[in-house]
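Inspection log for the structure reproduced underneath, given as structure tokens.
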Amino acid sequence: MNVSFRADQDFLDFMLDELELDLSRQLLDGPAWFTVTVRNDHGAVIAALACEFWSVFDCKFTAAIADERAITPKLLHVIFGTLFSKAVRITAEVDPENQLSVDRLERLGFVYEGYKRKGLDGFRDAMIYGMLVEDCNFFPGDRASQDLEPEAPDGIPTEVA
């Protein structure tokens, strides 16, 4: 598997195919975004993450995963370490009919916070989930008091440009 921290056309196509989310007009390489692309050994995108820092304390978490083997605990530690180095909370919105995504969010440590009618795209409702550092399942021990400088696997940068 190959992990990169940038969004290319394959990333955009994958997000559109998997989530019907068109990010083509977003400045994904700017400071308001953090993206991760995971490819299999043949170069095909098997997971993608787009996080938008929409305030000085919150980021919106959007992920599409075609192969769960792409999302390793080490990679999640790097992702959440990077996100929590810039944000106090992470917010995710999910279609209430997508139980697989609900289960994945809860396994990561996201906590159900509410419901937003027609909140996904103006047509579909959204369940709202949030995560604080103390909720995250990828920081062992007393997570709230730890220095959140992530330890990256070899070859994976931890800083967001």
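The values are calculated or read from the model by the stated rules, or taken from the named source; none is laboratory data. Being a predicted model, the structure only gives us computed values, none of them experimental. Here the Cβ positions follow ideal geometry from the backbone for every residue, glycine too, while neighbour counts run over all protein chains shown.
Assorted remarks:
Every residue, every condition in (1) within 16 Å of MET1 (Cβ to Cβ); (2) surrounded by 20 or more Cβ atoms within 10 Å (Cβ to Cβ); (3) at pLDDT 95 or above, yes or no:
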site	(1), (2), (3)
SER55	no, no, no
THR72	yes, no, no
LEU76	yes, no, no
ARG89	no, no, yes
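- Flag for THR37 being at pLDDT 95 or above and either over 18 Å from PHE138 (Cα atoms) or among the charged types (D, E, K, R) (or both): yes
- The stretch 1-17 residues that are among the β-branched types (Val, Ile, Thr), paired with ones that are assigned to a helix (DSSP H, G or I) (beta carbon under 8 Å, 6 or more apart): VAL3/LEU75
Conditions tested, residue by residue: (1) within 22 Å of ALA126 (Cα to Cα); (2) part of a helix (DSSP H, G or I).
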| position | (1), (2) |
| --- | --- |
| ALA7 | no, no |
| ASP41 | no, no |
| ALA50 | yes, no |
| ALA64 | yes, no |
| THR82 | no, yes |
| ILE90 | yes, no |
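- LEU49 touching a residue at least 24 places away in the same chain (Cβ under 8 Å) and crowded, with 19+ Cβ neighbours inside 10 Å: yes
- Selected residue (criterion: farthest from LEU108 (Cα to Cα)) from residues of the stretch 21-46 that are without any contact (Cβ under 8 Å) to a residue 24 or more places away in the chain and charged (D, E, K, R): ARG25
- Residues in the stretch 91-137 that are over 14 Å from ALA63 (Cα atoms) and among the hydroxyl-bearing types (Ser, Thr, Tyr) were compared, and the one that is nearest to the chain's Cα centre (by Cα) is TYR112.
- If you go through the stretch 9-39 and pick out every residue that is surrounded by 12 or more Cβ atoms within 10 Å (Cβ to Cβ) and either of a type in the set (A, V, I, L, M) or in a helix (DSSP H, G or I) (or both), you end up with 16.
- Those residues of the stretch 92-141 which are part of a strand (DSSP E or B) and exposed (fewer than 11 other Cβ atoms within 10 Å of the Cβ), in sequence order: GLY114
- Within the stretch 105-148, no residue satisfies the criterion of being closer than 21 Å to THR37 by Cα and at pLDDT below 80.
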